[in-house]
Amino acid sequence: MTAPFAATTMTAMALYAPHAPLVMETRPLPAPGPGEIRLKVEACGVCRTDLHVVDGELTKPKRPIVPGHEIVGRVDALGAGVTALRLGERVGVPWLGHTCGHCSYCASARENLCDDPLFTGYTRDGGYATHAIADAAYCFPLAETTDAALLAPLLCAGLIGWRTLKLAGPAQNIGIYGFGAAAHIIAQVAILQGKRVHAFVLPGDQAAIDFARGLGVATAQDSDAPAPEQLDAALIFAPVGALVPHALAAVKKGGAVVCGGIHMSDIPAFPYALLWEERRLLSVANLTREDAREFLALAPTLPLKMHATSYPLAQANEALADLRAGRVQGAAVLIP
């Protein structure tokens, strides 16, 4: 079923080879298959994971691929069997686009580790486009009253930040290394939960320090500086392996260091003493739909100050370049 007067073509920004600019192209408008929906995209966040795809650091994308996995859109076509969503409804599409449902991980409530998944903007086309196809079972209803550009970062930066914070356990004194889109959301969530948050930013980036302080962190400093006090946990969002020993040195006995990114440079050798005394080093892989339901229910109840810089769809390459160069405070978002 489709909306009346639907378009017959769509515009997409496609990646054909690593390190190459995205190419704007016109495509026939696809029809959703069974269990799928088609969305008219209102906004799509520009995530650091997209950079890893474009820059060839994630090596198994579908090509050509339309990046983008923080999609906010309106349902404009329903595939066979879709009854939980309706035409015109606003929904969000995250990174996890489909799971097999029968591997040992799916069977044990760990679908984020599925053996045969699909990922939005990586192994299935994403939201750097005017329209996108998505599995209806992996879409989430979103608020009608909020600007789409402010909702988009919740769908990865927010969700991965939420899972990262959960894996840190009952920590009260938290360090956050790398203060981009995920950090600026989850720092606020942690502060609103009564936690004490310390921001660690790219050395010399005074704008990032000022930005973090403006969001209410207890302290903000360069990432190579010692922690101002011992931490219960550290969350690492910067893709810099050298931060792992720094973070381990900053956490207390029994503390956790959680790496929230999908890609990171090599972790240098470090003395076992940094890990000893039951410190834990963990990584976050993807997300589950339960993570999404939890966080997307929580976020509207919190007075979050979302910071998003909007770009027209045609300027996707510029948005990626600004993110790569550290010129974006908060999140970057494409608006078709």
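Rule-based calculations on the coordinates, nothing more; no lab input. All of these numbers come straight from a predicted model, not from anything done at the bench. Heads up, the Cβs are rebuilt from the backbone with ideal geometry, glycines too, and the neighbour counts pull from every protein chain shown.
Structure summary
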item	result
The chain, helix-only ellipticity at 222 nm - DSSP H runs n ≥ 4, -39,500 (n - 2.57), divided by all residues, nearest 500	-6000 deg cm²/dmol
Debye intensity ratio in log₁₀ form over the Cα atoms of the chain, taken at each q of 0.08, 0.09, 0.10, 0.14 Å⁻¹	-0.36, -0.46, -0.56, -1.09
Contour excess over end-to-end distance, with Cα ends at Leu298 and Asp222 and 0.36 nm allotted per residue	24.3 nm
Under-5 Å amide H pairs with Ala308, H placed in peptide plane, nonlocal only	Ala331
When each of Lys40/Lys305; Lys62/Lys166; Lys40/Lys60; Lys40/Lys62 is checked by Cα-Cα distance, pairs over 24 Å	Lys40/Lys305; Lys62/Lys166; Lys40/Lys60
Given charges at Cβ of Lys, Arg, Asp, Glu: the range 158-283 dipole, positive-most of Leu165, Val251, Gly175	Leu165
Overall form of the range 148-203 per C-alpha gyration tensor (a/c, 1.5; a/b vs b/c)	oblate
Ranking of Trp276, Trp162 by count of other Cβ atoms within 10 Å, fewest first	Trp276, Trp162
Burial ranking of peptide ranges 164-175, 233-244 (average Cβ count within 10 Å, highest at the top)	233-244, 164-175
Mean Cβ count within 10 Å, highest first, over the residues of peptides 79-86, 92-99	92-99, 79-86
Reciprocal mean inverse distance between Cα atoms of the range 1-63 - Kirkwood radius, Å	14.0 Å
Taking Val257, Val23 and counting other C-beta atoms within 10 Å, the order from fewest to most	Val23, Val257
Residue-by-residue Karplus 3J(HN,Hα) for the range 80-90, coefficients 6.51, -1.76, 1.60, Hz, glycine and proline x	4, x, 8, 10, 7, 10, 10, 4, x, 6, 7
Hydrodynamic radius of the range 1-125 per Kirkwood, over alpha carbon pairs, in Å	15.7 Å
Likely footprinting exposure, Asp55, Asp266, Asp76, fewest C-beta neighbours within 10 Å first	Asp266, Asp55, Asp76
Computed lengthening from Asp147 to Ser108, 0.36 nm per intervening residue step minus Cα-Cα distance	10.4 nm
Residues Leu87 and Ala314, FRET efficiency given R0 of 41 Å [Cβ-Cβ distance, rounded to 0.05]	0.90
Computed log₁₀ I(q)/I(0) - Debye formula, equal Cα scatterers, no solvent, the range 214-271, q 0.21 Å⁻¹	-0.87
3J(HN,Hα) from dihedral phi, the range 196-212, Karplus parametrisation 6.51/-1.76/1.60, rounded to Hz, x for glycine, proline	9, 10, 10, 9, 10, 10, 3, x, x, 8, 5, 4, 5, 4, 5, 4, 4
Two-decimal Rg to Rh for the range 114-255 - Kirkwood Rh, Cα set	1.02
Percent RCO, i.e. relative contact order, over the range 165-323, from Cα pairs under 8 Å lying at least 6 residues apart	20 percent
Relative packing of 100-112, 282-294, which averages over residues the other C-beta atoms within 10 Å, highest first	282-294, 100-112
Surrounding net charge for Ala14, when Lys and Arg each add one and Asp and Glu each subtract one, Cβ distance under 14 Å	+1
Residue-span extension gain [Lys252 to Arg213] - 0.36 nm each, minus C-alpha spacing	11.7 nm
